[in-house]
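Structure first, commentary second.
The values are calculated or read from the model by the stated rules, or taken from the named source; none is laboratory data. As the structure is a computational prediction, the values presented were derived from the model and not from experiment. No Cβ is skipped: glycine too gets one built from the backbone with ideal geometry, and neighbour counts run over all protein chains shown. For the accessible areas, the whole protein counts, side chains as well, though only heavy atoms, and no ligand, DNA or RNA atoms are used. Shrake-Rupley method; radii C 1.70, N 1.55, O 1.52, S 1.80 Å.
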Amino acid sequence: MNNILHWLRGEFDKKAHPHYQILEYPNLSDLENKYGKVWKNEEIPARQYKTTERQLPNLENIPAIADLIQQIKLTHLKHPRVLEIGCSTGYHEEAFRQAKLHVVYEGCDYSPMFIKLARKFHPLVEFKISDATKLIYGNSRFNIVISGCCILHIIDYQQAVREAVRVSEKYVIFHRTPTIHSRKTTFAKKIGYGKEMVEIFFNENELSNLFKENHLTKASVKTHAQLDIPGLGEPVFMKNYLCVKI
């Protein structure tokens with residue numbers, strides 16, 4: 001339990017991300033030009049891995065990952081082909097093995113350095129460099145597509161949702177998605193892994209409408225954390241959405 005609490009503090013505490021600046025009227029083009037490539041920074045993967053490395057023996061018990069495992073089980077698929085978009089170092093593959101979840105896992109990430117580390121740590125798994133807004137995979141290639149805590153950092157998140165749906169045969173899981181209920185979808189700047197970057201807090205109704213526009217229906221919603229972001233004026237709920245294509 002202490003390990004899990006330590007992970008939660010490392011991921012979500014204001015001490016880990018000491019500064020947020022809410023952007024009331026963001027210029028999305030300017031944000032893309034300034035922050036669109038921040039996750040390609042070669043220092044971020046090693047810094048993130050220092051967090052996940054300590055948690056490797058307990059990955060399947062971390063609330064967000066436990067919810068992810070449960071939602072995959074809810075599909076009742078045997079040996080499904082699974083793609084994780086924004087896979088970072090591929091640590092979810094290890095969590096799935098710990099949970100004895102029999103999936104054929106593949107991962108992709110925008111960052112060449114993340115993919116380099118993923119291949120090093122998981123040499124038997126297929127990893128590819130791919131942009132979430134223009135995936136290199138064919139239509140309906142995977143039984144389950146996991147959007148792995150990445151749309152909150154993607155300025156054109158609508159396109160990232162469309163692409164996740166396109167390459168999925170039936171199921172899409174939006175993992176660790178920050179949602180709010182009163183404000184409209186809100187952009188903020190923050191410091192993450194020592195770098196300034198953008199984070200998006202999604203209005204629940206707007207996100208639901210985006211799912212509907214892309215022919216998704218929500219089959220399961222799991223809330224695994226609640227955050228207080230200075231200046232936002234309402235709590236943020238971290239959720240996993242299991243969606244089905246209709």
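Does Leu83 qualify as being closer than 21 Å to Ile151 by Cβ and hydrophobic (A, V, I, L, M, F, W, C)? Criteria met by Leu83.
What is the residue count in the range 31-48 for residues that are over 16 Å from Tyr110 (Cα atoms) and at pLDDT below 95? Residues that pass the stated criteria total 1. Within the bounds of the range 211-233, is there any residue that is in a strand (DSSP E or B), open to solvent by 60 Å² or more (accessible area, probe 1.4 Å) and among the small types (Gly, Ala, Ser)? Within the range 211-233, one or more residues are in a strand (DSSP E or B), open to solvent by 60 Å² or more (accessible area, probe 1.4 Å) and among the small types (Gly, Ala, Ser). Quick one: count up the residues across the range 102-125 that are surrounded by fewer than 13 Cβ atoms within 10 Å (Cβ to Cβ) and either among the β-branched types (Val, Ile, Thr) or within 19 Å of the chain's Cα centre (by Cα) (or both). Residues in the range 102-125 being surrounded by fewer than 13 Cβ atoms within 10 Å (Cβ to Cβ) and either among the β-branched types (Val, Ile, Thr) or within 19 Å of the chain's Cα centre (by Cα) (or both): 1 in total. State yes or no: is Thr51 hydroxyl-bearing (Ser, Thr, Tyr) and crowded, with 17+ Cβ neighbours inside 10 Å? In short, no. Check the range 139-147 and report whether any residue there is under 21 Å from Gln48 (Cα atoms), of a type in the set (Ser, Thr, Tyr) and within 16 Å of the chain's Cα centre (by Cα). The answer is yes; a qualifying residue exists.
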